[in-house]
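Asker: Before I ask anything, here is the structure I am working with.
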Amino acid sequence: MQPVHTYFAILSFTALSCTGCVSTGKYKAMQQQADKYDTLYTWSMRTLKTSQEANNELNKQKAALQNQMNSLNLEMTATKENNTQLRKQLQTLSALSSAQAESIKKSLDNIGSKDMFIQDVQAAVAHRDSVNLVTVLNLKATIGGYGEDVNIKAEKGIVTVDLSDKILFNSDSTTYTLTDKAKTVLGRLARVLNDQPELEFMVEGHTDSVAYPQDILLDNWDLSVKRATSIVRVLQNEYHVSPARITAAGRGEFVMVAPNDTAEGRAANRRTRIVIFPQLDPLLRAISRVNP
């Protein structure tokens with residue numbers, strides 16, 4: 001674009017050509033006016049350039065803020081998924097009382113920005129799972145060699161050892177007297193339990209659906225409890241497991257692992273389960289720091 005004063009010079013020359021002469025004063029005034037417009041034009045172009053640069057910078061800042069917002073949305077989604085996973089993990093702690101479970105649920109509902117609490121709970125669950133894994137490996141290494149008659153596993157936050165009535169009671173569905181082989185197996189079990197004195201456990205007796213009433217046994221409830229207490233006495237008296245750590249329970253015929261309409265199914269149901277409870281102290285300590 002031509003400067004403004006250039007146009008005035010052309011106009012001046014044209015005027016001189018047309019009229020023959022222009023006074024010096026009038027020409028200078030026209031020249032000053034042209035310089036003024038030229039200065040104004042230069043200032044306007046500089047202002048426009050500055051505005052364009054400012055607009056570009058604002059666009060960059062807007063893009064950066066959008067990226068930050070997207071990142072925060074991703075973090076929020078990850079936090080919600082993490083909370084959901086924690087709830088699922090806490091539901092597996094079947095050894096918790098209803099009051100303790102409710103306390104944990106309330107803590108999770110109010111979790112908000114309590115990231116440290118989340119980390120503590122995760123660490124406690126990981127600690128529990130690690131202890132359970134070590135316990136399972138020790139049990140399998142110590143009691144291994146009995147095939148299907150001994151089933152050791154960890155699930156839902158606890159470790160279980162299922163012993164068949166074949167190995168414990170020589171497949172006699174009417175007795176609660178332990179065999180010599182049973183005492184050998186229980187001795188190996190006691191070795192692992194005594195190496196981890198902080199663990200508590202429960203001995204559960206189970207029967208099939210056929211009742212064999214005797215003078216001392218009214219029904220399968222009695223039989224399942226008698227089988228559990230027979231095992232508890234051996235662990236306590238012969239292998240020196242602290243009785244304060246043990247609970248004896250009878251489940252009768254009501255928690256089946258197979259149908260009772262076949263001999264194989266009834267044999268599978270006549271089992272004794274050792275339930276080893278998880279270590280909950282680290283988890284409960286984490287919760288107590290939030291809900292003193």
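Asker: Somewhere in region 204-223, is a residue touching a Ser or Thr at 6+ places or on another chain (Cβ under 9 Å), acidic (Asp, Glu) and under 25 Å from Val136 (Cβ atoms)?
Answerer: Yes, region 204-223 has at least one match.
Asker: Just one of the numbered conditions (1) of a type outside the set (A, V, I, L, M); (2) touching an Asp or Glu at 6+ places or on another chain (Cβ under 8 Å); (3) surrounded by 19 or more Cβ atoms within 10 Å (Cβ to Cβ) is not true of Lys166; which one?
Answerer: (3)
Asker: Modelled with pLDDT under 70, among the hydroxyl-bearing types (Ser, Thr, Tyr), outside the structural domain of Glu200 (by TED's automatic domain parsing) and touching a strand residue (DSSP E or B) at 6+ places or on another chain (Cβ under 7 Å): does that describe Ser98?
Answerer: Taking the combined requirement at face value, the residue does not satisfy it.
Asker: Sticking with this structure for a sec: Of the residues Thr184, Thr175, which is without any contact (Cβ under 8 Å) to a residue 12 or more places away in the chain and either of a type in the set (Lys, Arg) or surrounded by 16 or more Cβ atoms within 10 Å (Cβ to Cβ) (or both)?
Answerer: Answer to the selection: Thr175.
Asker: Determine the pairs where a residue that is in the same structural domain as Thr247 (by TED's automatic domain parsing), located within region 187-203, has a partner that is at pLDDT below 95 and in a loop (DSSP other than H, G, I, E, B) with Cβ atoms under 6 Å apart, the partner being 6 or more residues away or on another chain.
Answerer: So the pair list comes out as Glu200/Phe277.
Asker: Could you list, in sequence order, all residues of region 187-222 that are among the small types (Gly, Ala, Ser), surrounded by fewer than 21 Cβ atoms within 10 Å (Cβ to Cβ) and in contact with a helix residue (DSSP H, G or I) (Cβ under 8 Å, 6 or more places away or on another chain)?
Answerer: Ala190, Ser209, Ala211
Asker: Look through Thr229, Thr174 and report the one residue that is β-branched (Val, Ile, Thr) and either modelled with pLDDT under 95 or assigned to a strand (DSSP E or B) (or both).
Answerer: Going through Thr229, Thr174 in turn, just one is β-branched (Val, Ile, Thr) and either modelled with pLDDT under 95 or assigned to a strand (DSSP E or B) (or both): Thr174.
Asker: For Gln196, indicate whether it is under 24 Å from Ala244 (Cβ atoms) and at pLDDT below 95.
Answerer: It is true that Gln196 is under 24 Å from Ala244 (Cβ atoms) and at pLDDT below 95.
Asker: Here is a follow-up. Can you report the number of residues in region 197-228 which are more than 39 Å from the chain's Cα centre (by Cα) and either closer than 13 Å to Leu168 by Cβ or hydrophobic (A, V, I, L, M, F, W, C) (or both)?
Answerer: Total meeting the criteria: 7.
Asker: Could you tell me how many of the residues in region 246-266 are out of contact with any helix residue (DSSP H, G or I) (no Cβ under 7 Å at 6 or more places or on another chain) and either surrounded by fewer than 19 Cβ atoms within 10 Å (Cβ to Cβ) or among the polar types (S, T, N, Q) (or both)?
Answerer: 8
Asker: Which residue pairs have Cβ atoms under 9 Å apart, sit 6 or more places apart or on different chains, and have a first residue in region 142-155 that is farther than 21 Å from Asp195 by Cα and a second that is buried (at least 17 other Cβ atoms within 10 Å of the Cβ) and hydrophobic (A, V, I, L, M, F, W, C)?
Answerer: Tyr146/Leu163; Tyr146/Ile167; Tyr146/Val185; Asp149/Leu163; Asp149/Ile167; Asp149/Leu168; Asp149/Val185
Asker: In this structure, is Leu193 farther than 24 Å from Ser130 by Cα and of a type in the set (A, V, I, L, M, F, W, C)?
Answerer: no
Asker: Let me ask you something else. If I ask for residues that are over 60 Å from the mean Cα position of the chain (by Cα) and acidic (Asp, Glu), which ones from region 24-67 would you list?
Answerer: Correct list: Asp35, Asp38.
The values are calculated or read from the model by the stated rules, or taken from the named source; none is laboratory data. From a predicted model like this one, the values you see are computed outputs, not experimental measurements. For neighbour counting, all protein chains shown are included, and Cβ atoms are generated from backbone atoms with ideal geometry for every residue, glycine included.
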